[in-house]
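The structure appears right after this line, and notes come after that.
The values are calculated or read from the model by the stated rules, or taken from the named source; none is laboratory data. Just so it is clear, the model here is predicted, and its values are computed rather than measured. When we count neighbours, we look across all protein chains shown, and the Cβ atoms used for this are built from the backbone with ideal geometry, even at glycine. With ligands, DNA and RNA removed, areas are computed over all heavy atoms of the protein, side chains included. Shrake-Rupley method; radii C 1.70, N 1.55, O 1.52, S 1.80 Å.
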Amino acid sequence: MCGIVGAISKRNVVPILIEGLQRLEYRGYDSAGIAIRDDANGLQRIRSVGKVAELESRLAQSPLQGAQGIAHTRWATHGMPAERNAHPHMSGETVAVVHNGIIENHAELREDLAEQGYRFTSETDTEVIAHLLASILKDEPDLRKAVRQATAKMLGAYALAVISPADPERMVVTRAGSPLVIGVGEGENFIASDVFALLPQTHRFIFMEEGDLADITIDGITIYDEDDQPVERAVKTSTVVDSASDKGPYAHYMLKEIFEQPAVIAETLEGRIHKGRLLEESFGHEAGVLFDRTRGVHIIACGTSYHAGLVARYWLEEIGIPCSVEVASEYRYRKVVVPPDTLFVTISQSGETADTLAALRGAKESGYIGSLVVCNVPESSLVRESDVALMTRAGPEIGVASTKAFTTQLVALRLITLALARRQGITPAREKVLVDELHALPRQVEVVLQLSDAIREMAQSFGDKENALFLGRGPFYPIAMEGALKLKEISYIHAEAYPAGELKHGPLALVDEKMPVICALPDDPLLDKVLSNLQEVRARGGELFLFSDQAISIELDRYQNLTLSDICPTTAPIVYCVPLQLLSYHVAVLKGTDVDQPRNLAKSVTVE
């Protein structure tokens with residue numbers, strides 16, 4: 001959600017900023033802009049609605065050049081998508097600002113600044129920051145001190161980057177609640193929302209902590225903590241790889257990432273299972289101490305990660321560990337009862353999800369024995385602020401609709417379940433069975449991916465559909481929820497998921513010949529009940545789209561079915577989500593939507 005890039009150098013930084021914005025497109029946005037400072041012309045700005053390519057087109061018509069600049073991709077919060085609302089925002093020729101986050105008291109600040117004579121040309125909260133800084137700079141010419149004074153008046157979340165001709169040799173950045181990293185170069189320095197934007201320039205990064213403010217010049221970086229005291233922050237070499245920027249032979253990043261799942265699942269398991277045993281030491285010493293004390297688990301997450309948590313609840317409670325799973329945006333605003341010896345678990349692809357991060361910070365005072373995060377970004381805030389981090393090793397995920405991040409989250413949660421199962425008395429023989437099933441998982445997903453062409457044919461039936469119903473029982477109910485989410489995210493078909501046993505409690509009223517019903521049919525103890533539920537659908541004229549185990553005999557009329565073979569019982573939910581991903585992808589391609597960057601959505605939700 002929104003992307004910031006900045007650079008200060010001896011060379012022209014415009015190409016650096018544009019490339020950085022392009023690499024942040026996966027976060028989701030509706031407009032883009034750039035502001036450059038040069039000695040001859042002061043501050044210059046170009047903004048556009050739409051993709052970064054439109055901004056490039058405008059730059060080709062009106063070229064900018066300078067050794068210092070900031071740029072931004074905006075996802076609309078305050079104010080509709082429009083050029084006047086795009087970043088950077090300026091206050092005359094005094095200052096330029098880019099901002100991620102939300103300033104909660106912007107209305108009061110706006111009123112006060114309007115009384116001082118500042119004219120507002122946008123509806124954004126960010127323009128308030130620009131004018132606030134301009135008003136402070138009248139009496140405080142030091143840009144760093146002016147930014148600190150401004151943030152003291154602001155309530156809310158922000159990552160800010162500021163440049164000003166009045167203090168031309170520096171760029172000032174600060175963060176509170178939104179991520180920001182500093183890229184360390186040779187005779188130049190950079191800033192961005194995440195490391196991926198800057199990998200062509202550097203692999204050395206400083207990860208700003210909550211409340212930090214950095215004063216950045218060509219030759220140096222000085223960081224001040226939230227008390228405005230100089231501090232040292234470590235320079236780290238990023239482990240993030242850059243291969244995700246290339247789609248290769250695939251038409252979309254999403255399809256590429258679906259097909260990467262066998263490899264990234266194997267990578268997530270690498271070094272963690274061996275010869276039929278879980279190598280618990282790979283989690284780190286702190287994990288073992290926490291697991292020894294764990295008698296219950298609270299899982300907090302959002303979106304797709306929430307669905308992963310719901311699957312894990314079935315796994316954990318099967319071994320006797322009480323588990324609750326909650327949406328972070330609800331959890332953080334209610335009074336929570338924490339049973340003794342409860343482990344706090346967060347799940348996030350980005351590690352920067354605002355509600356999940358706020359929930360973690362609140363949980364530190366709530367009596368949990370400790371915190372564990374399942375995450376895909378090693379340098380993220382959730383990883384840095386949790387007691388234990390279990391990395392999913394999915395690699396950068398560019399498509400907004402999560403695929404490989406979800407399956408690797410499930411793998412990581414399965415590993416956690418195995419570690420806790422040891423404390424519950426699981427036998428070595430049973431552990432070997434479960435580990436062997438995990439070991440077989442990458443190959444099973446590989447086999448399912450071979451159904452892609454057949455699923456494309458199935459997707460043809462959805463070309464004129466406006467609604468869809470997904471059904472599941474047991475751990476396949478959350479998989480149905482994830483399938484419905486994927487379909488609505490990228491094809492814009494209204495889709496809902498229900499436990500199959502709930503059909504008669506309302507959803508059956510929606511079923512007719514225009515309502516496709518999608519269901520996973522694993523060979524498990526609930527199979528006969530699900531088949532009975534599907535008979536209810538057929539009796540009302542509903543069209544069935546099934547993904548079933550090869551051992552199942554289906555006695556229904558008018559249905560489409562694809563058979564999945566050799567699926568292990570405990571990992572079946574992970575396998576069955578893959579054909580649902582492919583179905584959503586092929587339907588979206590058929591509908592002609594923007595698969596990788598669906599409308600109104602952002603990859604990383606870093607504000608409420």
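Brief remarks on what is shown
- DSSP beta bridge pairing in the chain, given as percent antiparallel to the nearest 5: 60
- Relative contact order, percent, region 453-500 [alpha-carbon distance under 8 Å, six or more residues apart]: 41
- Within the accessible area of the chain (1.4 Å probe), percent carbon and sulfur: 48
- Only Lys, Arg, Asp and Glu carry charge here, each on its Cβ (+1 for the first two, -1 for the last two); on that basis region 70-174 has a dipole of about 240 debye about its Cα centre.
- Summed side-chain charge close to R204 - residues other than R204 whose Cβ falls under 10 Å, Lys, Arg +1, Asp, Glu -1: 0
- Selected from N533, G248, A401, residue furthest toward positive end of dipole (the chain; charges at beta carbon): N533
- Cα centroid separation, region 389-458 to region 214-287 (Å): 19
- In region 318-471, taking the dipole from charged Cβ atoms about the Cα centre, the farthest positive-side position among L434, Y368, Y331 is held by Y368.
- For the peptides 183-192, 210-219, the ranking by packing is 183-192, 210-219, with the highest mean count of neighbouring Cβ atoms within 10 Å listed first.
- Averaged over residues, the count of other Cβ atoms within 10 Å places the peptides 117-127, 284-294 in the sequence 117-127, 284-294, highest first.
- Computed magnitude of the charge dipole of region 178-316 (debye, nearest 20; Cβ of K, R +1, Cβ of D, E -1): 1120
- The mean sequence distance of close C-alpha pairs (under 8 Å, at least 6 residues apart), as a share of the length of region 502-563, puts its relative contact order at 36 percent.
- Placing +1 on each Lys and Arg Cβ and -1 on each Asp and Glu Cβ, with no other charges, gives the chain a dipole about its Cα centre of roughly 620 debye.
- Against the chain, whose longest principal axis comes from its Cα atoms, helix 303-318 is set at around 40 degrees.
- Share of pairwise Cα separations in region 450-608, more than 26 Å, in percent: 22
- Toward the positive end of the charge dipole of the chain, with +1 on the Cβ of Lys and Arg and -1 on the Cβ of Asp and Glu, the farthest Cα among Y224, G320, V49 is that of G320.
- Counting only residues at least eight positions apart within a chain, or on another chain, the lysines with an alpha carbon under 17 Å from that of K465 are K486, K488, K514, K591.
- Protection-proxy order for peptides 369-378, 425-434, each taking the mean of Cβ atoms within 10 Å per residue, highest first: 369-378, 425-434
- Computed 3J(HN,Hα) for region 513-529, one whole-Hz value per residue from the Karplus formula 6.51 cos²θ - 1.76 cosθ + 1.60 where θ = phi - 60°, is 5, 8, 9, x, 10, 10, 8, 8, 10, x, 7, 9, x, 9, 4, 4, 5, glycine and proline marked x.
- Taken over the chain, the alpha-carbon convex hull comes to 158 cubic angstrom per residue.
- Size check on region 80-210: the Cα extents along the three principal axes, sorted descending, read 46, 32, 28 Å.
- Annotation: per residue accessible area for the chain equals 38 Å², rounded to a whole number [probe 1.4 Å, protein chains only].
- In Hz, Karplus ³J(HN,Hα) per residue of region 194-201 (6.51, -1.76, 1.60; θ = phi - 60°; x = Gly, Pro): 8, 5, 4, 5, 10, 4, x, 9
- The HN-Hα couplings worked out from phi for region 288-295 by the Karplus form 6.51 cos²θ - 1.76 cosθ + 1.60 (θ = phi - 60°) are x, 5, 5, 4, 4, 8, 6, 10 Hz, whole numbers, x standing for Gly and Pro.
- Anchor K364: lysines whose Cα lies under 24 Å away (excluding residues fewer than 8 positions away in-chain): K335
- Computed helical MRE - 222 nm, the chain, DSSP H runs ≥ 4 contributing -39500 (n - 2.57), nearest 500: -11000 deg cm²/dmol
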